[in-house]
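A short reminder: the numbers here are calculations on the coordinates, not readings from a lab. A quick note: this is a predicted structure, and the numbers were derived from the prediction, not measured. Cβ: placed from backbone, ideal geometry, glycine included. Neighbour counts: every protein chain shown.
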Amino acid sequence: MPNEKALGKKVSRRDALRIFGASGAGFTLGAGGATLATRYAAAQDVENAKSNALDSRVPFFGRHQAGVSTPQQEHLQFAAFDLTAEKASEVQDLLRSWSEAAARMCAGEPAGEENYETFLPPDDTGEAFDLSAARLTITFGFGPSLFEKDGEDRFGLAKKRPAALAEIPALPGESLDEAKSGGDLCIQACADDPQVAFHAVRNLARIARGVAVVRWSQLGFGRTASTSKSQSTPRNLMGFKDGTNNIKAEDEDLMQRHVWAETGDGPSWMDGGTYLVARRIRMLIEVWDRVSLDDQEKSIGRHKYTGAPIGKKEEFAPLDLDRKDEDGEPRIPEMSHVRLSRQSENERILRRGYSFTDGMDVERGQLDAGLFFICFQRDPRKQFVPLQRRLGQNDALNEYIQHTGSALFGCPPGASKGGYVGEALFEGD
Ligand code: HEM
């Protein structure tokens, strides 16, 4: 964050405690010798630190879970969990503990109360003690297998499963690895500091011990979308601006129409929630890097440097799909990614993905890198699935990408203070 950079140091959780603590000690200088100027500078530092510490916190509680329409951060730690619990009450206890710890961490506090019992492990693993909240958001989701797994209704929740939480059918052009797909529960932790995001998932996994185990996880660096008009458009690993035509939080009517589940869409416990689809998309970047600029642009349908639609100069110029060249060919090619992604207004989604690299693919001698695609929508059966079916069949990008992981989660609405995310699922019939 710019102010932190100006300060030359991070605003630690301990600093924040000191600054906001009852003693007010943070405002006084050490004994004697300080000139008026240094005193003033120190007071300014404290003021800056105070506003930075506040700026870096995103409220955990609210009508919707954070991490969907809140401005996208730079780093991701995503994890899917398999439940080992046998009773619904154990799942409830886990969700309650997760929300409590998540609320604390999003406020820049340790996951649990500091304990000084030297014969017990601490209630927080510690690696984020000196870091700011870094705009941490923690978003919880429920996979289809929470409701029914191998035909078994493990927790008596089968009748509460929303129709929209139907398994994603097999789609063209995918080569999915089971070990990087699915899961009963998920945690999406996003922050501007990768250590803060990692710390959140690590501590939540620790809290889950004996009830749930990590099935797979994915680290993401560098956002590949913008979710607010106040953000600039970032670039993906193909070097193109990504997120230009994304739904933005300020488009409240689009958010309402395409992202948030509404009363009457399905069971009421999902009202105000949304559905998350995650796809691990490997990019064959060595192949892509040998493709001419012209072909790269024709595959996407936009210019590489500006992000403008082909034939236009401005990034945000409207995508005119009817425009033809002098030779009668469509300006935005038939098989281009943006044309195929923009076929139906009803399929619009909010994208919130991240670039990833998992080191080398030793067999092929290539980098294992790509896009960890995440999108949110009101009903994946009507949005992601038809969209990806079309892309999987015809997208010019298919030569350079491969979907290797897939997961779907229903993210319930946010919790109010004292409550926990997913509480309504366990209430009533
Ligand atoms: C590695 C894979 C992918 C890459 C590199 C990629 C890249 C891009 C780029 C560069 C744009 C143009 C800028 C923008 O408007 O954001 C774009 C737009 C878009 N992409 Fe992708 N994308 C990928 C996968 C997907 C997938 C899997 C979906 C959905 C199933 C998708 C849906 C969309 C949509 C809806 C748009 C906006 C189209 C419009 O309204 O103009 N993309 N993508």
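Taking amide hydrogens as placed 1.01 Å from N in the peptide plane, the amide H of A249 sits under 5 Å from those of S228, K229, each at least 5 positions away in sequence or on another chain.
By the beta-carbon count within 10 Å of each Cβ, the least crowded to most crowded order of T263, T244, fewest first, is T263, T244. Positive contributions from Lys and Arg (+1) and negative ones from Asp and Glu (-1), summed over other residues with Cβ under 14 Å from the Cβ of F373, come out at +4.
Label positions at Q195 and K304, each projected 7 Å from the Cα along the C-beta direction, are separated by 3.6 nm. Once you've got the Cα coordinates, tell me which of K229/K304; K313/K382; K304/K324; K248/K324; K312/K382; K248/K312 are over 27 Å apart. Table pairs above 27 Å Cα-Cα are K313/K382; K248/K324; K312/K382. I'd like the orientation of helix 384-394 relative to the chain: the angle between its Cα long axis and the longest Cα principal axis, in ° from 0 to 90, rounded to 10. So the helix axis and the longest Cα principal axis differ by about 50 degrees.
Measuring between their Cα centroids, the range 152-178 and the range 321-353 lie 30 Å from each other. Tally Lys and Arg at +1 and Asp and Glu at -1 over the other residues with C-beta under 14 Å from the C-beta of G273: what net charge comes out? Here the charged neighbours net out to -1. For D184, the residues whose amide H sits under 5 Å from its own are F81, D82, L83, ignoring neighbours fewer than 5 places away on the same chain, with H placed 1.01 Å from N.
Legend: calculated FRET efficiency, E90 to Q343, from the Cβ-Cβ distance at R0 = 41 Å, rounded to 0.05, equals 0.40. For the chain, what's the relative contact order in percent, using C-alpha pairs closer than 8 Å and at least 6 residues apart? Computed value for the chain: 22 percent relative contact order.
Across the range 187-243, Cα pairs under 8 Å and at least six residues apart give a relative contact order of 19 percent. A simple count of charges around P172, restricted to other residues whose Cβ falls under 12 Å of its Cβ and scoring Lys, Arg +1 and Asp, Glu -1, yields 0. Estimated at 0.36 nm per residue, the fully extended path between A163 and R389 surpasses their Cα-Cα distance by 79.4 nm. Full extension of the chain between S228 and E334 gives 35.2 nm of extra length, using 0.36 nm per residue less the Cα-Cα distance. Averaging 1/r over each pair of different alpha-carbon atoms in the range 177-239 and inverting the result gives 14.0 Å, the Kirkwood hydrodynamic radius.
For the range 215-243, backbone nitrogen atoms closer than 20 Å to the point 7 Å from L254 Cα along Cα-to-C-beta are found at 223-236, 240-243. 3J(HN,Hα) couplings calculated from phi for the range 145-151 with the Karplus curve 6.51 cos²θ - 1.76 cosθ + 1.60 (θ = phi - 60°) are, in sequence order, 6, 5, 8, 7, 10, 6, x Hz; Gly and Pro show x.
Shape of the range 136-199 from its Cα gyration tensor (a ≥ b ≥ c, root eigenvalues): rounded if a/c is under 1.5, otherwise prolate when a/b > b/c, or oblate? Because a/c hits 1.5 or more and a/b fails to exceed b/c, the range 136-199 counts as oblate. Distances between placed amide hydrogens fall under 5 Å for G405 paired with D177, R280, all partners being 5 or more residues away or on another chain. Listed by Cβ neighbour count within 10 Å, with the fewest neighbours leading, F119, F240, F129 appear as F119, F129, F240.
For the range 72-220, a Kirkwood hydrodynamic radius built from all Cα pairs, placed in the Stokes-Einstein relation at 20 °C and 1.002 mPa s, yields a translational diffusion coefficient of 130 µm²/s. Mind grabbing the base-10 log of I(q)/I(0) for the chain at q = 0.08 Å⁻¹? Debye formula, identical points on the C-alpha positions, no solvent, two decimal places. So the normalised log intensities are -0.49.
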